[in-house]
Amino acid sequence: PEITLKRITASALNDIAKHSPELAQAIVDAGAVAYLAPLVAHDDSKLKRQVCSCLAQVAKHSVDLAEVVVEAEIFPRIFSCLHDVDMYVRKNGGTCVR
């Protein structure tokens, strides 16, 4: 899909995941984490910003959800976000690692 569609999708999933563990679990059950994880290494900063934030929102609710994000093999690629030129990519990447 086009990059704009990916950005909007990641943003929408981010907004859904932040509300409750049940909604975050629904995102995991739909397989979205497996789709989002490779996008951490994408060239587009606006996309990376949304993807890192979404993964952080999913992981924040419980240890089990955090394990799902880690098992999606975001490490060590997520560490490259901590050195990105975009301040929000760095912030959201750091939040995700935390």
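The values are calculated or read from the model by the stated rules, or taken from the named source; none is laboratory data. Keep in mind the model is a prediction, meaning the values are calculated, not measured. All Cβ positions, glycine included, derive from the backbone under ideal geometry; neighbour counts span all protein chains shown. Accessible surface is based on the protein model in full, side chains and every heavy atom, while ligands, DNA and RNA are left aside. Shrake-Rupley method; radii C 1.70, N 1.55, O 1.52, S 1.80 Å.
Labels on offer are [x] 14.5, 42; [y] 13.3, 41; [z] 11.9, 34, and the one holding Rg and Dmax of the Cα atoms in Å computed from this structure is [z]. Placing a pseudo-label 7 Å from each Cα along the Cα-to-Cβ vector at His42 and Ile8 gives an inter-label distance of 1.3 nm. Backbone geometry of the range 3-20 corresponds, through the Karplus equation with coefficients 6.51, -1.76 and 1.60 at θ = phi - 60°, to 3J(HN,Hα) couplings of 4, 5, 5, 5, 4, 5, 5, 5, 5, 5, 5, 4, 5, 6, 5, 6, 7, 7 Hz, x marking Gly and Pro. Note on His61: accessible area is roughly 50 Å² with a 1.4 Å probe, heavy atoms of protein only. Using a probe of 1.4 Å on the protein chains alone, the accessible area found for Leu55 is around 0 Å². Other residues whose C-beta falls under 11 angstrom from the C-beta of Asp86 contribute a net charge of +3, scoring Lys and Arg +1 and Asp and Glu -1. Once all protein chains are placed together, Arg90 keeps about 90 Å² accessible to a 1.4 angstrom probe. Summed over the residues of the chain and divided among them, the accessible surface reaches 56 Å² per residue at a probe radius of 1.4 Å. For the chain, relative contact order (Cα pairs under 8 Å, six or more residues apart, normalised by length) works out to 29 percent. Using the Cβ-Cβ distance between His19 and His83 with R0 set to 25 Å, the FRET efficiency from 1/(1 + (r/R0)^6) comes to roughly 0.20. Between the range 77-93 and the range 7-49, the alpha-carbon centres lie 16 Å apart. Phi angles of the range 25-41 translate, via the Karplus equation with coefficients 6.51, -1.76, 1.60 and θ = phi - 60°, into HN-Hα couplings of 5, 4, 5, 5, 4, 7, x, 5, 5, 5, 7, 6, 3, x, 6, 4, 9 Hz per residue; Gly and Pro are given as x.
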